[in-house]
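Note sheet for the following structure.
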Amino acid sequence: SAAQSRGPEMGSAVASAAAAEEEQRRALLEGGLAGGPAQGGGADRRPRALLPASSCRALALAATLCAGAAAVWLRGLPSSVASPQRTPSERVLLELAAERPEAARRAEGQRRLAADRSDRPLVTRSTVRNCKETNSTDDVCQKVDDLFAGAGEDPSSWHSGKDFQQVWDDITQRTSEVAIEGIAYIMNLGFSFMFPFLNFVQGFPRPGWHILWQITAWFNWMFGIDDPKFKPPVKGETMGVVSYQEYAETYFGKAFPYSFFEEYYTGTRIPSWEDNVNHKTAITLLDTFMSAAHAIGVEPMDMFHDLEPRFALDNEALVSAGWAGFQYLEPHDIKYASNGVWGIAVIEKLVEKYGSEGGEVLGPLMTDSVFSVHLRHDGNLFYVDMTALEKYRPITGYAPLGGKAAFKQERGSLHMVRLEYNGSVYTSFEDPQVAFDYQSKSKRSGWRLAEAALISSLLSMTNLVLHVKDLHLELAAAFQAVTVDAFATDPTHPLRRLLDPFIHRSVQATNDNFKLLFEYNAAEFSLAPLPVDEQLRLIDDFIRDQPLNLAEMDMERFGDLRNMSTDFSTREAIVDTSRWGWRWHYRSLMTQRLYDELIECRLGSRYGEDGGAALAADEVVQTWWTNMVAHMPALKRATRLNPEWAPPEKPDFQAIKHVLRVLIVWLSWIHEDVGHSAASYVYNPVYTPMCVPEDGVGVPARSFVFNTAAYRGFVFLERAALLDGELPAHWFDTEECSGFWWFRRCHTPANDPGLKCFQNLQNSLRELGQDDIAFSECDKHGFYSCVERVETAVSS
């Protein structure tokens, strides 16, 4: 209606054309989805074995020969027989469209047609090109293929930085459609090349790509050689606890100009029981590329600063273009640690369900998503305040961060009633001019620009401060390094056994990220639309002005400190359609209580009510506690400000439970919320933009493609999960072993008390995932990962 009021002829034509396109889409949906299940889009499920392992191995050679013959036969078939009629992106869009509300698809169709008719070049689904699906006469795809030729077989043969720069310059000087095609393809090929080195670690199958990996996997399987996700710690081996400043000086040859790097700690080496060869190879390859780029005077991240070319506000165009060339995932796959592009449909359904005024999305996000971690309550309204970010200089051309909003609870959700940004205040979200700009120009103006900037600010606060600064830099790496070193002489200690899953690969993940983000400047866009020096200044300011206190992170205290009623964090509130329930906190609180039960179950008989003397006399635990306080600033602050919660020395069992339940819930459960679950936002720049152009127009292709590729390739990495079925014997007190050498197998007897404790945790989480909508609305149907896919630790 707004488009028609501003321009009757244009509005009528656009609406008619959009209706015709929607009718065609509906017909495609009925024909395309009725023909059989779509490929991908669900969690990776492996069929149950029909034969014993020994019988399978006996048939392995025959099966291999049959598979090879089938592959040769299929290769010789006509394409109409050997492959589906529709392209991969068409199949993905059909499946996504089936989940999206009809009104949202129709509105997107109107925006697409308006952009196609506009004089401003914005790429839409109608004009987008894909190197893997179009028979383009243009040569950019071939140039990119040539650039990467031979790299899979011999990484050392890869071309120089100058070659890359020449291809990049050629691509970015083409028309918008060709430029986006080339930018997406070169990024996705590059990250696809790196992905197997980073994603596939011990204990996980490694598909295709490298013949050596295939042979190794086949050999191990044939001879029954175990490749566990967790190997037992080696007695006497330490990691070495060092400050990040010491680590940077040793491995980067430089010091960072902020004192907090001297006060936060990590491990100086990866323990031998965690494989690191492939990770190290990936980082070496990246080092080589960065050195080549610097040698010709190029800073690679600067290549993504330019705002052109741009997409229209067209989800289908973004999905179609953003993945071409990446071999391991399709956009809709819920696979490895990527939750797919389903956040698009999730938000659209919530906007429709809750009846958001003018289509505002911030209310639904603050209702159901992890962004509600930033909420406060004043007794009447709920509010979120990001004005502390206003002073930081954005990357040129992007909107500054900041803003704040107030919400009322109504009809089971939060609804925005006031929005402030950059000196303007909005209390109505039905502005005809804003609606016209959005639909006819793919432009955010007025309150929509303010809302998008505030969402970008929430993502920046969540990614940069909560995820990287709080969980990685301050807590996770120190937790692993201190624990490994403290128990090096006694790795079978009950407390060390308990903590093993929750410290897994944390130093590996953190040290790699530290280098990528702050040495190679990948923090730009991926964490915030700020230059790296501004991001480091922001971290330094927050450490000084809003320092982390572990006691205040306790879910039993968290709500009260924000003036939140305990009634908000209940199952009754979540299912009551007449009031708001704090879904994120309720999920975290319930999980923390399960961790508390696990700690009590595992250690209560040793250190419980009658075990105070045993704990005081346990020198290993006392040393561990002292070193934790010394190397974890958030814990040190808690012992000073909240000694009743955690004393600076001689802790009782209750204090140890306080600290461990908080560390574990944040480093496993909540890390999943801000890590892998970020797919709902990263892949979704129309509704949850990580960075917003200052003029509000469209989606800049370079920053979008970089963020998608970076998260998919460096963040959404598959690691051990809480609900994995095979639990390592060294986690528990008893084990039974048989065989010798390669064929030696150990397992934990079913009656082991520690095993029962961990299985109780798993069973409780499964029940929540099945019976509680706060947990079951996940993956394809919510903002969070489903319980069976949550990592045990900050391991990626």
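Quick rundown of the values:
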| read-out | value |
| --- | --- |
| Accessible surface ranking that places the most exposed of 174, 418, 393 first, with a 1.4 angstrom probe | 393, 418, 174 |
| Accessible area in the full protein assembly, largest first, 1.4 Å probe, for 789, 111 | 789, 111 |
| Simple spin-label estimate for residue 418 and residue 737 in nanometres, 7 Å along Cα-Cβ | 6.7 |
| Residue 90/residue 352 FRET efficiency (R0 22 Å; Cβ-Cβ; nearest 0.05) | 0.30 |
| Region 259-329: Cα Rg divided by the 2.2 N^0.38 Å rule of thumb | 1.69 |
| Length gained when the stretch residue 269-residue 132 is fully extended (0.36 nm per residue, less Cα-Cα span) | 45.3 nm |
| Inter-site label distance for residue 396 and residue 117 at 7 Å from Cα along Cβ, in nm | 3.7 |
| Computed E for residue 291/residue 493 - FRET, C-beta separation, R0 45 angstrom, nearest 0.05 | 0.55 |
| Rounded to the nearest 10 Å², the accessible area of residue 336 at probe 1.4 Å | 40 |
| Candidate aspartates and glutamates - alpha carbon under 15 Å from residue 780, same-chain residues fewer than 8 apart omitted | 44, 95, 99, 330, 333, 348, 368, 673, 788 |
| Computed E for residue 306/residue 609 - FRET, C-beta separation, R0 45 angstrom, nearest 0.05 | 0.10 |
| Length added when fully stretched, residue 760-residue 781, from 0.36 nm per residue minus Cα-Cα | 4.9 nm |
| Per-residue ³J(HN,Hα) for region 752-758, Karplus 6.51 cos²θ - 1.76 cosθ + 1.60, θ = phi - 60°, Hz, x for Gly and Pro | 5, x, x, 4, 4, 4, 5 |
| Kirkwood Rh (inverse of mean 1/r, distinct Cα pairs), region 470-622, angstrom | 19.0 |
| Segment residue 541-residue 376, extension gain: residue separation times 0.36 nm, minus the distance between their alpha carbons | 57.3 nm |
| Label point distance in nm, residue 767-residue 284, each placed 7 Å from Cα along Cα→Cβ | 5.0 |
| Largest-first ordering by accessible area, 1.4 Å probe, given options 726, 420, 788, 390 | 726, 390, 788, 420 |
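The values are calculated or read from the model by the stated rules, or taken from the named source; none is laboratory data. The shown structure was predicted, so the numbers you read here are calculated from the model rather than taken from an experiment. Reconstructed Cβ throughout: ideal geometry from the backbone, glycine too, with neighbour counts over all protein chains shown. Just the protein is used for accessible areas: all its heavy atoms, side chains included, with ligands, DNA and RNA removed. Shrake-Rupley method; radii C 1.70, N 1.55, O 1.52, S 1.80 Å.
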